[in-house]
1. Of everything in the range 222-231 that's crowded, with 21+ Cβ neighbours inside 10 Å and not charged (D, E, K, R), which residue is farthest from Pro53 (Cα to Cα)?
2. Hey, any hits in the range 154-167 for a residue that's of a type in the set (Ser, Thr, Tyr), assigned to a loop (DSSP other than H, G, I, E, B) and closer than 25 Å to Val232 by Cβ?
3. Identify all residues within the range 121-156 that are at positive phi and more than 26 Å from the chain's Cα centre (by Cα); write none if there are none.
4. Out of the residues in the range 110-135 that are in contact with a helix residue (DSSP H, G or I) (Cβ under 6 Å, 6 or more places away or on another chain) and more than 25 Å from His91 (Cβ to Cβ), which is surrounded by the most Cβ atoms within 10 Å (Cβ to Cβ)?
5. Could you grab me the full set of residues in the range 276-294 that are closer than 17 Å to Thr250 by Cα and either of a type in the set (Asp, Glu) or over 14 Å from the mean Cα position of the chain (by Cα) (or both)?
6. Quickly run through the range 338-362 and pick out the residues that are at pLDDT 65 or above and surrounded by fewer than 23 Cβ atoms within 10 Å (Cβ to Cβ).
7. Would you say Asp429 is under 21 Å from Asn67 (Cα atoms), modelled with pLDDT of 75 or more and among the charged types (D, E, K, R)?
8. Mind listing just one residue for me: the one in the range 175-213 that is touching a Ser or Thr at 6+ places or on another chain (Cβ under 8 Å) and hydroxyl-bearing (Ser, Thr, Tyr) and, of those, modelled with the lowest pLDDT?
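The values are calculated or read from the model by the stated rules, or taken from the named source; none is laboratory data. Please read these numbers as outputs of a predicted model, since none were measured by experiment. Counting neighbours? That spans all protein chains shown, and the Cβs are built from the backbone with ideal geometry, glycine included.
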Amino acid sequence: MSLRTALCVLLALAFSVSARVSAVAAPSIDHVYVIMEENTDYEDLIGNTADAPYINQLAQSYGFAANYYGVTHPSQPNYLAVTSGDFYGIHKDDPTLTFPGQNIVDQLETKGLTWATYQQALPSVGFTGAQFPATGSGLYVKKHNPFELYTDVSSSTSRMQNIKPIDALGTDLSSGHAPSFAFIAPDQCHDMHGVSPPAAASYGMPWCGYPPNFTLNHALIQAGDAYLKSLVTTITGSSGWTTNSVIIVTWDENESSGLTTPNRGYASSTGCCASPVGDGGGRVPAIVITSTPQHTVSLHPYNHYSLLRTVEDAFGLPCLANTCDPSVNAMNDLIAPATTGAAVPISQTLGFAVTFASMNPGQGYVLFGPSCSSLVETATNDLGANTTTHTVLVTGNDLPGTVGNIGLSPGATYAYEVITQTKSGTEVDNNGGQCYFGTISKP
């Protein structure tokens, strides 16, 4: 690899490495609250403390999955994936579609457990419309409510009573009727999705309109960050928040790019864990909040199938569809057992963490491979994206020519370089093309 022109001096460089460890046992859980946000790039949130201070606070205080992906594009198939373990091969948003397969509701009720979905802007319990308001883009949209898409839910009067407006969340939590599993969906102006500018104006929220040319809508992220804080504090301040409760916050997929190619018009089609090869939903943040704050970063590849597998394992449920795939693992390393408060720290998780600083802010990258002349793959899992301090997480998936979660070889030495780029791809720092080495520690 040719040397690059040095743009500035690297201020700090350190690395920590570890071997792969055995899977963490599933904890016993009383309540799981899943909050699903929308269409936002990892790099637009993590490190963006100006627009998303609360999200970054959570990511620095609780369990953080730094290698988490949507299953595919666009939104609707991801909502199906996280509640049934399958996206049924669809690549579109179509609320007229219905799905007869088994889902998390069937599993929970078979075990005698309770469930509910709380949908912001849903006008009434069991509402069956495609959106509300009926005009414009809609604040509530059925494509973000997978439960109504399952025929064995939509055909059941009793099950439809569990599809509730968001106001019912506080009522259920305070009345002692918190469900075992709650799926919470903010509306399109509070989940960071946005609506058309005319619709936003008609709804009295002009800040919610899509920005031109897919530029970052700071107001939309700020509103989503504030609303997420209200949801989390409502849950954690209630009797429905026990020592064995968990909140999982994630995003369905990353953002559109406005281009027809590559990635079918999306910022990224990266994925993992039984996701379609080359057609994943891109990397998004995932945060696991427990009753015992303990900052743990997992480098393990996860996606929405992993989230569902986590719920199944926590409640002792069997696997569904793709959650049975060997490449899909539960996110148990991010859930601290309530009895001990123990969790798996970053030094014991799968991966190779490289921490460095740049003179100019941007996305940190690690060019990684078996030797300095074979750095053909790029690790981009930067915890400090858009800042000048970067921690880039390298996993076995980044090794040239490898597929799947192979981990790193204990005792092996790997070579890497560090660079920093703007979001548009302009290189602003490369530390003079220096090549470094790290050896994976043995168990």
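1. Step by step, filter the range 222-231, then rank; the result is Leu231.
2. no
3. Those that are at positive phi and more than 26 Å from the chain's Cα centre (by Cα): Gly126, Gly136.
4. Checking each candidate, the answer is Tyr118.
5. Thr290 - this is the single residue of the range 276-294 that is closer than 17 Å to Thr250 by Cα and either of a type in the set (Asp, Glu) or over 14 Å from the mean Cα position of the chain (by Cα) (or both).
6. Those that are at pLDDT 65 or above and surrounded by fewer than 23 Cβ atoms within 10 Å (Cβ to Cβ): Thr355, Ala357, Met359, Asn360, Pro361.
7. No; evaluated as a whole, the condition is false for this residue.
8. Looking at the filtered set, the residue picked out is Tyr210.
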